[in-house]
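Everything below concerns the one structure shown next.
Derivation of every value follows stated rules applied to the coordinates shown; laboratory data play no part. None of these values were measured; they are calculated from a predicted model. In this analysis, Cβ positions are derived from the backbone assuming ideal geometry, glycine residues included, and neighbour counts consider all displayed protein chains.
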Amino acid sequence: ENELNELPDSICNLSKLRKLRVPDNHLNQLPPFICNLTELYKLEVQENNLTEIPACIGKLEKLEILRLYKNILTELPAEFTELKNLRKLLLYENELTSIPENFGKLENLQELDLSFNNLNVLPESISNLKKLKTVSLTKNEFNHEEKSKINSLLNFTKVNWE
């Protein structure tokens, strides 16, 4: 634990940076300059105090692994779905109440964990996530009807409800 409250501006000079790991700190936001790190393929900012993700996140086109679990996120920007190469997305233990309607644009996604959030519906576009191997939805607010719909939309993969 480094107890960082913010990322130093000097990081924006690391234009060739491929991995950024700042877990278990006190970050409450990602500065917009994070979006200039276009070579990033792995971003780990789990176990912080993030309340939002900058809309420019969609510029990180090479991003494959994104760990945002154990933060205080309530929503994701629509631009989030521009992360076309994202394979692993861990968002468990946040306060998400929704995900973007066009979430299904993340067509390379293989692992998705949305457990322990406040979700009660997922967009139908999730049926486009054909490469998805595992999806975890434990401890959300889905009713029986929505669970059945999600199981049907994701009939090509295993949905973990427990």
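Quick check for me: using +1 on Lys/Arg Cβ and -1 on Asp/Glu Cβ, what's the dipole size of the chain about its Cα centre, in debye to the nearest 20?
860
Given their separation in residues at 0.36 nm each and the Cα-Cα distance between them, Ser10 and Thr134 gain 41.0 nm when the chain is fully extended.
For the stretch 92-151, the extents of the C-alpha atoms along the principal axes are 26, 23, 19 Å, listed from largest to smallest. With a Förster radius of 22 Å applied to the C-beta separation of Asn143 and Glu101, the computed FRET efficiency comes to 0.65. Cα centroids of the stretch 33-66 and the stretch 126-162: 25 Å apart. Helix 144-153 and the longest principal axis of the Cα set of the chain meet at an angle near 80°. Here mean projected area of the Cα convex hull in nm² was calculated from the structure, and among [x] 13.0; [y] 8.3; [z] 8.9 it sits at label [y]. Extension gain, Glu52 to Glu124, is 23.6 nm, computed as 0.36 nm per intervening residue step minus the present C-alpha separation.
Between Phe156 and Leu17, the simple spin-label model (points 7 angstrom out along Cα→Cβ) gives 3.5 nm. By the Cβ rule of 4.7 Å, the chain holds the following cysteines without a possible disulfide partner: Cys12.
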